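Peer 1: There's a structure below that I have some questions on.
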Amino acid sequence: MLVFIKSIADFGNPTAIGGGFNTLAVQVYQQAIGNYNMAEAAALSIILVDISLLLFIFSKYFLEKKSYVTVTGKTAKERVLIDEKHISLPIGFFCLFASIIIVALYALVPLGSFVKLWGINYSFTLDHYRYAFSMGKKAIIDTTIFSAISAPITGILGMIIAYLIVRKRFLGRSFIDFTSVVGIAVPGTVIGIGYILAFNSPPIVLTGTAAIIIIAFIARTIPMGIKSGVNTLQQIDPSIEEAAQGLGANSFKVFTTITLPMIKPAFLGGLIYSFIKSMTALSAVIFLISARFRLLTIVVLDQVEVGRFGTASAFSTILIIIVYIAILIMYKAVGLLGVSKDNIKLT
Amino acid sequence: MKESKNVILRNVIKEFKGHNNEGIFRAVDNISVTINPGEFVTLLGPSGCGKTTTLRMIAGFETPTAGEIILGDENINNQPPNKRDIAMVFQSYALFPHYNIYENIAYGLRIKKMDPKLIDKKVSNIIDLVGLKGLEKRNPGQLSGCQQQRVALARALVMEPGVLLFDEPLSNLDAKLRVYMRTEIRRIQQELGLTSIYVTHDQAEAMSLSDRVIIMNKGKIEQVGTPQEVYQQPATEFIADFIGTANFVDGVIKEIKDDYVMVQIVNSVAKVPLKGDGSFKAGEKVRVVIRPESIDVGEEGKFEGKITLSTFMGNVQEYYVEVGDYTLFVEASNPSGRKIYEVSDNVKLDILEESMHLIKLS
């Protein structure tokens, strides 16, 4: 389901390698930027949204009708490992094979950034990096700062919304539940168009500001944090929180001392997902950038369009390195929150 | 230790909306009861009788639709759970998985911002009391169910609450540990003189723990009494059937004396003592409760019967005996020294008339 929506809404890959095939998402972009035909772009967006929303609603109301509680206050036993060799070996090999292909594809990117011209001249060079840093420094810094601002907001907001959805009963709860997750189903291109249409004219004019990019990042990545928060919370016995409340803790204390540490893995997941997604976002923000702010992914796309694959690879490599450093930092930071993560047994 | 408090429920009603807001389900239907300081009271009843809802209202996790809940001399209807002088032990233990045993127990005191030295003293005292010494640094996942339940108990006790609530705390333990833990709970409760309200559907637990038992059915209180009272003088057929096993035989009052009545049952007359609750008229039809252990199978007795089933259970021999239109269930204790009857043997039944109990037909 998710894969389908992601594919139909994918923008980056078809533009870079699509060749003669035209996908809906690319079409929207071309109409909006190439022909300045906002109406046509909006119409195409509606088609995209319709297809995605239909699938989303289908999945929400037909596939999610089960409920479960697996983490009770009793805490669970260790999981059982499959020991039979005839089962574990073939599956192991298959996974290994798939992993090697994926790793190899990624390894080509940094490799490509160190050679003069991929496919023709394989001699070692640092030119691409020199070029990348000289002209792309601002893009690198902007992207990292925007992502670093939006990730924590997304993570915390996501957990709070998840907590409210699962644990509290209030008017409009199911509406919040629905709208918070709809962001997954709506393709990024459509969000981008929507933001331009909404914030290009008064009362709120945000087009071209950093705020609109950060807001887009948050809106785009928060559903995943909420989803994983909701899933984790649904597996935690509510009487654990009731016990804390019975011992004198108010709602805020219960959330910070009991709920948050228990859903820390989901929190960390939401944080990392948000950061990565923001760093690599393309479809939503391609409409929102301005001369003031450049984003890494868009720089990469520009380089690909003019055929400078080496520089594009160099940018991509820098992007990957930043993401990995950020993940490490987030792991450490979240580890400092409350207690060590070994103490949490959530499976 | 602080003084224990009393709990008074006055005409308490709790209604839930049905699914899709259709229809209203009354989980607790106008109950009133007074629980005295230091008393151990059990809410006993089949699942869905409203006992857990009642407990959760006292704890503050549910708000009554109508009626009053009074703790000490204060109406606590609108007090949130964290403000109530009440602690609760949950069925699922509800330990905090990310804290060790010590921190689990100290949690409530830390929330109160108590002096760390005092916390340390109180926690160690409680750990001694419930027998968890040496396990302070463990995590909940490393303990057995029985130990986890002790932690849950300690965590509630350390708060020195005015009232302690138990929501079926032993239902996740196996039979032997359950018996062991319930004597432990009783011992600790007696030692501290703590007002305790205990929810269970297990009548053995209710009988062994309680000063008084409150029997609930379909949201209403059926009877409040000591374990002896509810077993020996059940107010309704439901109670007689729910607490232990009972035979029901229809009878007619023949004669009324000061402290006993003569009752015609099957084809004989029994002399049944009155235990204060009856005002019967001659000729009135009644239902007679006969406990299986008060019937003796042998060669002598007022009633003639025929064995239809005979089962050896170790400590007792169980019989089903056809007597007139009824089939009576009999538990003959200590079968090793006695004659065992087989199916279709003709026997006489000697029923202990002092232990018979009369229920009015409504």
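Peer 1: For segment B:205-291, which strands (runs of 3 or more DSSP E) that fit wholly inside it have 2 or more residues that are of a type in the set (Asp, Glu)?
Peer 2: By residue number, B:247-256.
Peer 1: For segment B:80-101, indicate whether the set of residues that are more than 9 Å from chain A (Cβ to nearest Cβ) and free of Cβ contacts under 8 Å to residues at least 12 places away in the same chain is non-empty.
Peer 2: Looking through segment B:80-101, none of the residues is more than 9 Å from chain A (Cβ to nearest Cβ) and free of Cβ contacts under 8 Å to residues at least 12 places away in the same chain.
Peer 1: Starting from segment A:140-152, keep only residues that are among the hydrophobic types (A, V, I, L, M, F, W, C), then list their pairs with residues that are not in a helix (DSSP H, G or I) whose Cβ atoms are within a distance under 8 Å, requiring at least 6 positions of separation or different chains.
Peer 2: Final answer for the pair search is A:Phe146/A:Phe293; A:Phe146/A:Leu295.
Peer 1: Hey, can you tell me all the residues within segment A:196-208 that are open to solvent by 40 Å² or more (accessible area, probe 1.4 Å) and either part of a loop (DSSP other than H, G, I, E, B) or at pLDDT 75 or above (or both)?
Peer 2: Within segment A:196-208, A:Asn200, A:Ser201, A:Pro202, A:Pro203, A:Ile204, A:Val205, A:Thr207 qualify.
Peer 1: Sticking with this structure for a sec: Pull out all pairs, ordered by first then second residue, where Cβ-Cβ is under 9 Å, the residues are six or more apart or on different chains, the first lies in segment A:307-335 and is over 20 Å from A:Pro152 (Cα atoms), and the second is part of a loop (DSSP other than H, G, I, E, B) and open to solvent by less than 30 Å² (accessible area, probe 1.4 Å).
Peer 2: Close Cβ pairs satisfying both conditions: A:Gly310/A:Thr125.
Peer 1: Related question: Mind telling me which of the residues B:Ile70, B:Ile31 ends up being buried (at least 20 other Cβ atoms within 10 Å of the Cβ) and at pLDDT 90 or above?
Peer 2: Only one candidate qualifies: B:Ile31.
The rows are residues; the columns are (1) within 14 Å of another protein chain (Cβ to nearest Cβ); (2) outside any loop (DSSP other than H, G, I, E, B); (3) over 20 Å from the mean Cα position of the chain (by Cα); (4) at pLDDT 80 or above.
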site: A:Lys253; (1), (2), (3), (4): yes, yes, yes, yes
site: A:Ser283; (1), (2), (3), (4): no, no, no, no
site: A:Val300; (1), (2), (3), (4): no, yes, no, no
site: A:Gly307; (1), (2), (3), (4): no, no, yes, no
site: A:Thr311; (1), (2), (3), (4): no, yes, yes, no
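Peer 1: Another question about this same structure. Given the residues B:Ile256, B:Ile265, B:Ile295, which is the only one that is surrounded by 15 or more Cβ atoms within 10 Å (Cβ to Cβ) and over 23 Å from B:Leu349 (Cα atoms)?
Peer 2: B:Ile256 is the lone residue from the list that is surrounded by 15 or more Cβ atoms within 10 Å (Cβ to Cβ) and over 23 Å from B:Leu349 (Cα atoms).
Peer 1: I would also like to ask the following. For B:Tyr341, only one of the following conditions fails: (1) more than 15 Å from B:Val249 (Cβ to Cβ); (2) open to solvent by 40 Å² or more (accessible area, probe 1.4 Å); (3) more than 25 Å from the chain's Cα centre (by Cα). What is its number?
Peer 2: (2)
Peer 1: Pick out the one residue from B:Met88, B:Met57 that is under 14 Å from B:Met159 (Cα atoms), within 25 Å of the chain's Cα centre (by Cα) and assigned by TED's automatic domain parsing to the domain that holds B:Ile13.
Peer 2: B:Met88
Peer 1: Residue pairs, Cβ under 7 Å, 6 or more apart or interchain, first in segment B:233-245 and within 17 Å of B:Ile295 (Cα to Cα), second in a helix (DSSP H, G or I) and modelled with pLDDT of 90 or more. List them.
Peer 2: B:Gly244/B:Tyr231; B:Thr245/B:Pro292
Peer 1: Quick one: count up the residues across segment B:22-73 that are in a strand (DSSP E or B) and among the β-branched types (Val, Ile, Thr).
Peer 2: 10
Peer 1: B:Asp115 passes all but one of (1) over 27 Å from B:Leu173 (Cβ atoms); (2) within 13 Å of chain A (Cβ to nearest Cβ); which number fails?
Peer 2: For B:Asp115, the exception is condition (2).
Peer 1: When you look at B:Glu39, is it among the acidic types (Asp, Glu), modelled with pLDDT of 90 or more and within 22 Å of the chain's Cα centre (by Cα), yes or no?
Peer 2: Yes, satisfied.
Peer 1: Let me ask you something else. Identify the residue in segment B:307-338 that is among the charged types (D, E, K, R) and modelled with pLDDT under 90 and, among all such residues, is least open to solvent (accessible area, probe 1.4 Å).
Peer 2: B:Arg338
Peer 1: Using beta carbons and a limit of 6 Å, which pairs, at least six apart or on different chains, have the first residue in segment B:329-355 and free of Cβ contacts under 8 Å to residues at least 24 places away in the same chain and the second one open to solvent by less than 80 Å² (accessible area, probe 1.4 Å)?
Peer 2: B:Pro335/B:Gln317
Peer 1: If you don't mind, another one. Can you go through B:Leu358, B:Leu349 and tell me which one is closer than 23 Å to B:Asp258 by Cβ, out of contact with any helix residue (DSSP H, G or I) (no Cβ under 8 Å at 6 or more places or on another chain) and part of a strand (DSSP E or B)?
Peer 2: B:Leu358
Peer 1: When only residues in segment A:219-249 that are outside any helix (DSSP H, G or I) and at the interface with chain B (Cβ under 7 Å from one of its Cβ atoms) count, which is surrounded by the most Cβ atoms within 10 Å (Cβ to Cβ)?
Peer 2: So, considering only residues that are outside any helix (DSSP H, G or I) and at the interface with chain B (Cβ under 7 Å from one of its Cβ atoms), the one surrounded by the most Cβ atoms within 10 Å (Cβ to Cβ) is A:Leu247.
The values are calculated or read from the model by the stated rules, or taken from the named source; none is laboratory data. Computed from a predicted structure; not experimentally measured. Positions of Cβ are generated from backbone atoms using ideal geometry, with glycine treated the same way; all protein chains shown enter the neighbour counts. Remember, those area values only see protein heavy atoms, side chains included, never the ligands or the DNA or RNA. Shrake-Rupley method; radii C 1.70, N 1.55, O 1.52, S 1.80 Å.
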